[in-house]
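Q: Sharing a structure below in structure tokens format, with a few things to ask.
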Amino acid sequence: MNGKLKELPVQKNGEYSAQVESLTHDGLGVARVEGFPVFLSNALPQEEVLFSPTLMKKNFAFGRVVDILKESPQRVTPLCPIYKQCGGCQLQHLAYPAQLEEKQQLVASHLARIGKLDAQLVLPTIGMEEPWRYRNKTQVPFGKDELGNVVAGFYKRRSHEIMDMGECLIQTEITDAIVRTVKELSQEFGIEPYDESSMTGIIRHLVVRIGFKTGEIMVTFVTKGKKFPYKDEVIERLLKEYKNIKSIAQNINLKATNVIFGDETRILYGEPYIYDELDGIRFAISPRSFYQINPIQTEILYKKAVEFAGLTGNEIVFDAYCGIGTITLFLARHAKKVYGVEIVPEAIADAHSNARLNGVENVQFEVGKSEAVIPKWLKEGIIPDVIVVDPPRKGCEKSLLEAFIEVAPKRIVYVSCDSSTLARDLAILAEGGYEVQAVQPVDMFPQTNHIENVALLTRV
């Protein structure tokens, strides 16, 4: 192995200079030495940097910037004091207008390289007027530092070491305060945080959700087991300090896993839901509900999906991966009827509740896999004019895309949180007789490398 590494144009811990060419989908700068790529954090396109490789692979390396020899005019000083150590954000050192341009270019690159589609179909990214304090949910792991103090925050970059934080500038101030209070209570009462190496301790994660329109707050403690010492004292203090807390829950996760939630959730105080609104539509949100993180941009994203759907009030619409019915209810205001399908039973239960909550009757929800339920609907004679799909990061199963092509709706609206799988799936649909009209990036996650998209396809 060492012999092979010596043949590479760079060596671990050596120092090299190069110009940064571009950013990866993870927000890392790409520099090359004799064609060999090295991925660098805290590096921007067009910068000349002195860097040192820290992790060697056969075809690439990761490294750190030792010095910036020529700085990008788009470089800014990050507002967060722990930005360079924390792994929560990746782009705070890049001016926000440039972040939007980089995200558009990333989507365009994926469309061209993976989908073999025209990069000019990608529209300019829709950004935020105020790209800070936008998250309505935080979920932070708890642990201890080397001195035995309770810590809570995001993991350090490329590690499982918790970076203790006093505040996070993409979360709400009240969320930050609640996290600090729970840390203090844990320290005061000796409630042990979870240690993943020994699988001991009580608190694994704290999850705080807030309704931006209603101000209602839900606090969920994810615990190693059913035991929760000083539970009553903790609840009393939280309710005393934060009057808008409407629900406190305990989720029990017994598994040795990186997945945050376990299967059992208990309501310790208040209701099993809090409420929020998107464009006048009211939603009940439970501890494990999927609900978009950025409500301001979610309204823009969903309105764009409705616009792309081109509804006149006479259409039958399928909403694949409907979750708790968020997009479904947006569509229902403009369609004859909308059918939603989702594999998670609890989400469908929430979708039914949300439809009733808003007095919406022209919707029908069903539990199951989209690739199984949609063909069943077709056999029942339910033929959609429009299909809207919002899959997880891995994209759609090929069988589901083939079902779309077979039913041949006039329009397909594809909402995506991963532009690489979006590009792959758009190529399959294009081969099946659809033409991609436009891809609209919407910046749901400022200061990070993530980008949401909504694409319109029409039947050729």
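Q: I'm trying to understand the selection: among the residues of segment 47-83, which are touching a Lys or Arg at 6+ places or on another chain (Cβ under 8 Å) and among the basic types (Lys, Arg)?
A: Lys58 - this is the single residue of segment 47-83 that is touching a Lys or Arg at 6+ places or on another chain (Cβ under 8 Å) and among the basic types (Lys, Arg).
Q: A further question follows. How many of the residues making up segment 100-141 are under 30 Å from Val219 (Cα atoms) and open to solvent by 30 Å² or more (accessible area, probe 1.4 Å)?
A: Residues flagged as under 30 Å from Val219 (Cα atoms) and open to solvent by 30 Å² or more (accessible area, probe 1.4 Å) within segment 100-141 amount to 7.
Q: Restricting to segment 428-449, and then to whatever is among the small types (Gly, Ala, Ser) and over 15 Å from Glu397 (Cβ atoms), can you tell me which residue is surrounded by the fewest Cβ atoms within 10 Å (Cβ to Cβ)?
A: Only one residue tops the list, namely Gly433.
Q: Can you confirm whether Thr77 is exposed (fewer than 15 other Cβ atoms within 10 Å of the Cβ), out of contact with any Leu (no Cβ under 6 Å at 6 or more places or on another chain) and within 23 Å of Pro441 (Cβ to Cβ)?
A: no
Q: Across segment 272-299, what is the total count of residues that are part of a loop (DSSP other than H, G, I, E, B), charged (D, E, K, R) and modelled with pLDDT of 95 or more?
A: Total satisfying the criteria: 1.
Q: May I pose another question? Which numbered condition in (1) closer than 22 Å to Gln104 by Cα; (2) surrounded by fewer than 24 Cβ atoms within 10 Å (Cβ to Cβ); (3) among the aliphatic types (A, V, I, L, M) is the only one that Ala408 fails?
A: So Ala408 meets the others, but not (1).
Q: Among the residues in segment 22-39, are any open to solvent by less than 40 Å² (accessible area, probe 1.4 Å), part of a loop (DSSP other than H, G, I, E, B) and in contact with a Lys or Arg (Cβ under 7 Å, 6 or more places away or on another chain)?
A: No, there is no match, as no residue in segment 22-39 is open to solvent by less than 40 Å² (accessible area, probe 1.4 Å), part of a loop (DSSP other than H, G, I, E, B) and in contact with a Lys or Arg (Cβ under 7 Å, 6 or more places away or on another chain).
Q: Let me ask something else. If Arg356 passes every condition in (1) within 30 Å of Ala438 (Cβ to Cβ); (2) surrounded by fewer than 16 Cβ atoms within 10 Å (Cβ to Cβ) but one, which one does it miss?
A: The single condition Arg356 does not satisfy is (1).
Q: Here's something else I'd like to know. Does Val415 fit the bill of being closer than 26 Å to Glu102 by Cβ and surrounded by 16 or more Cβ atoms within 10 Å (Cβ to Cβ)?
A: It is true that Val415 is closer than 26 Å to Glu102 by Cβ and surrounded by 16 or more Cβ atoms within 10 Å (Cβ to Cβ).
Q: Quick one: in segment 269-285, which of the residues that are open to solvent by less than 20 Å² (accessible area, probe 1.4 Å) and within 21 Å of the chain's Cα centre (by Cα) is nearest to Glu216 (Cα to Cα)?
A: Across segment 269-285, the extreme among qualifying residues is Ile274.
Q: Is there any pair linking a residue in segment 259-277 that is within 21 Å of Val234 (Cα to Cα) and among the polar types (S, T, N, Q) to one that is at pLDDT 95 or above and surrounded by 18 or more Cβ atoms within 10 Å (Cβ to Cβ), with Cβ under 7 Å and at least six apart or on different chains, and which?
A: Thr265/Ala249; Thr265/Asn251
Q: Any idea how many residues of segment 142-161 are open to solvent by 40 Å² or more (accessible area, probe 1.4 Å), in a strand (DSSP E or B) and at pLDDT 90 or above?
A: 1
The values are calculated or read from the model by the stated rules, or taken from the named source; none is laboratory data. Since the structure is predicted, the reported quantities are computational estimates derived from the model, not experimental observations. Reconstructed Cβ throughout: ideal geometry from the backbone, glycine too, with neighbour counts over all protein chains shown. Side chains included, ligands, DNA and RNA excluded: accessible areas come from the protein's heavy atoms. Shrake-Rupley method; radii C 1.70, N 1.55, O 1.52, S 1.80 Å.
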